[in-house]
Structure formats: C-alpha cells, structure tokens
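In what follows, a single structure is set out as structure tokens and then discussed.
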Amino acid sequence: MIARSRRRSVVVTALFSIVGATMAWPAVTVVAAPPPPADPVIAAVGDIACQSFSQSDGEGACRSDEVAALITALDPDAFLALGDTQYNNGKLREYMTAYDPQFGHLLPITYPIPGNHEYGTEGAAGYFSYFGDRAHAPEGYYAYDLESWHVVALNTAVCGDDPGCGPGTPQYEWLRSDLRANDDAACTLAYQHDPAFDWRPWQKWVDPDDETPNGGSEVEDVRPIFALMDRLGVDALLVGDNHLYHRWAPQDVDGNRGADGIRQFTVGTGGRSLYPLGKKPRPANLLAVQNKAFGVLQLTLHEASYSYEWIGLPTDPEFRDSGTFACR
C-alpha cells in the first residue's frame, strides 16, 4: 500500500495545578489519534521519452523533459507510465541517455507497463532491464493496492501475439483470478497501453459493415480483457498509444453507453509527439478530446470515488477537463 499523510499528529501537553495547594498534578501528555491517510494522488501518462530534449518547434516537438518537470512539480504518490516509455526501440542505451536523465528520479514511485515500442527490442529486454523489479518480468503485468483501491497493470503489447489475451491465455486467466480475489476492494483502476476505444484517422473498422460507436479502431486484441474487466467491476481504464487526450463515457465492450460501464481515459501526451484527430463524425461516447497540448492526467483516489484533472504544460494551449465520479 502507498499512503503518505501530509499532516502530523498533534501532541498537547497540559500542566494542571490546584491553586493554593502545596502539590501540583503531574504533567499530562495527550497524544491525538493519527489522522487517516491522505487520499492517494497519481499522475499518469504514456508515449514519453524521445532521443532529444525539449525543442520549441510546435506540437510535433519532443517535450518529454517538460512533462517530467510537470510530474515532479505535482509531487504525486505514484506515477503510472502508460507504455511507449522510450522511443524508438526501447533499448537500454536509449533509456539511459534519454528517459533516465528526465524521469529517473521518479523511479521510486513509478509503476510502468510496456507498449509496442518497448518490444522494438526483442522481449522488451531494455525495458525490463531498466525498470528492474518494478517491471515484473517476464510477463509485465501485475497488481497492487493504493489505500482502498485495487490497481491492475496490464501488458497489452503482447495481445496481438500467440497466445494473445483471450479466455484461456495466461494474462486473461491471471486477471480474472486477481479481480475475483479482490472483489471486496472499494474501487478498481486498470491501465494498459492499447486503447479499447479509439478515434484516429488511419484506423480500420472493427466491422467494416458496422460503424461502431468507438470511432472505428483495431482493438480486437484487447476486447476480451475489456469485457472481463467490465463484468468484474473495474471502474476506470487508463491507456496510451494515441498521442492525445480522450475521456470516454462509461460503456461496455460493444460501445453501449451506460452509467455502470468502464470509463476510459487516453493519455498519450507524454512528450513524444501529438497526433491528429479521427475522421468525422466524432464518436458519440467521446466526451472530451484535445491534441494541442502535452501533459498528464492527475487522479485523486477517494474511498468510494475518484477526482480527475487534465493538467497541461503551462506553455501549451490551455485545455480544461476535470470532475469527480463515484465508483461502480
């Protein structure tokens, strides 16, 4: 568990005496009960470190060092790195020359997952070597708790490979067992690199004859685990891969909107570049979108709800998106 109280216990010392008496009462020290732990605050973003440092040449620039400075200033309890942490091929040498000088000081609070670029090096060897025990090799998926919240970190970068991520595969069965074993958690957060719902101009439709509400995306590989998470009560899903910010309405795996679905946040704004929007019409379930600013998503995890806020780089175009949602 991660808990960091920002308040200190109050110690009150009182000396009682009887006026006119020859004997005073001894000093009494009253120690107040410690306050409850502060609600955990996390920062999340993916698609991060480039081979060069900050350049001021517009939205296509490499700005990962500025994103690292933003996360440092926010001082979160945990940093969720949503994959594609080091371009272009996730080599250990690339991590040491680019990611580490920018984000290395955040390692004690970093909970990473791999993306497709990490596997540009066979077996994502550079990624697993750099993050060490925090990467949970060789599978790359794991779970942990943040106060009353249960958190699952998934490796969807391997879902397109044999045996994939469908029922009967190791990751799917592990996820099912983990969620069932933690069904008493107040709330559950999941994160993976690949979106379950997406909107970008070069996508193919899941079904060419059916313009599904997800905007048309190549998400077949992750649909089984999304359906599993929806069935077992996951509250929110954080993803990267698309280099922009999306907030989707709660929905099921088929894009049916409903108050009891999973909310997906796409946060691919870690500094590598920004992507264009998808072809119109904009999906009805896509409630917020921006592709002009780098930045991070900040979540505050309450006992039965969560607050979210998009926080962009101060020099980028302003965009606001924040709110609070109850857990399912």
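The values are calculated or read from the model by the stated rules, or taken from the named source; none is laboratory data. This structure is a prediction, so every number in the text was calculated from the model and none was measured. As a convention, Cβ positions derive from the backbone with ideal geometry for all residues, glycine included, and neighbour counts pool all protein chains shown. Ligands, DNA and RNA are stripped out before the accessible areas are found, and what is left, the full protein with its side chains, is counted by its heavy atoms. Shrake-Rupley method; radii C 1.70, N 1.55, O 1.52, S 1.80 Å.
Results, tabulated for the structure shown:
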| item | result |
| --- | --- |
| Residue in the stretch 255-265 that is at pLDDT below 95, among the polar types (S, T, N, Q) and under 29 Å from residue 184 (Cα atoms) present | yes |
| Selection from the stretch 159-202 of residues that are more than 21 Å from the chain's Cα centre (by Cα) and open to solvent by less than 40 Å² (accessible area, probe 1.4 Å) | 164, 166, 169, 201 |
| Flag for residue 80 being of a type in the set (A, V, I, L, M, F, W, C), closer than 19 Å to residue 45 by Cα and either touching a helix residue (DSSP H, G or I) at 6+ places or on another chain (Cβ under 9 Å) or outside any strand (DSSP E or B) (or both) | no |
| Residue list for the stretch 257-283, filter: farther than 13 Å from residue 45 by Cβ, of a type in the set (A, V, I, L, M) and in a strand (DSSP E or B) | 262 |
| Count of residues meeting criterion [among the charged types (D, E, K, R), open to solvent by 10 Å² or more (accessible area, probe 1.4 Å) and closer than 13 Å to residue 49 by Cα] in the stretch 100-131 | 1 |
| Residue that is most open to solvent (accessible area, probe 1.4 Å), among those in the stretch 132-158 that are of a type in the set (Asp, Glu), in contact (Cβ under 8 Å) with a residue 24 or more places away in the chain and at negative phi | 139 |
| Yes/no for residue 320 being open to solvent by 40 Å² or more (accessible area, probe 1.4 Å) and touching a residue at least 24 places away in the same chain (Cβ under 8 Å) | no |
| Boolean, residue 255 is under 22 Å from residue 75 (Cβ atoms), touching a Ser or Thr at 6+ places or on another chain (Cβ under 9 Å) and buried (at least 19 other Cβ atoms within 10 Å of the Cβ) | no |
| Enumerated strands (runs of 3 or more DSSP E) restricted to the stretch 284-328, each holding at least 2 residues that are in contact with a Phe, Trp or Tyr (Cβ under 9 Å, 6 or more places away or on another chain) and more than 12 Å from residue 265 (Cα to Cα) | 295-301, 305-312, 322-326 |
| From 75, 84, 39, 47, residue being open to solvent by 20 Å² or more (accessible area, probe 1.4 Å), touching a His at 6+ places or on another chain (Cβ under 7 Å) and modelled with pLDDT of 95 or more | 39 |
| Boolean, residue 111 is part of a helix (DSSP H, G or I), at negative phi, of a type outside the set (A, V, I, L, M) and modelled with pLDDT of 95 or more | no |
| Filter result for residue 266 (under 18 Å from the mean Cα position of the chain (by Cα), of a type outside the set (Asp, Glu) and surrounded by 23 or more Cβ atoms within 10 Å (Cβ to Cβ)) | yes |
| Subset of the stretch 236-252 (residues that are open to solvent by 10 Å² or more (accessible area, probe 1.4 Å) and either in contact with a strand residue (DSSP E or B) (Cβ under 7 Å, 6 or more places away or on another chain) or among the aliphatic types (A, V, I, L, M) (or both)) | 247, 250 |
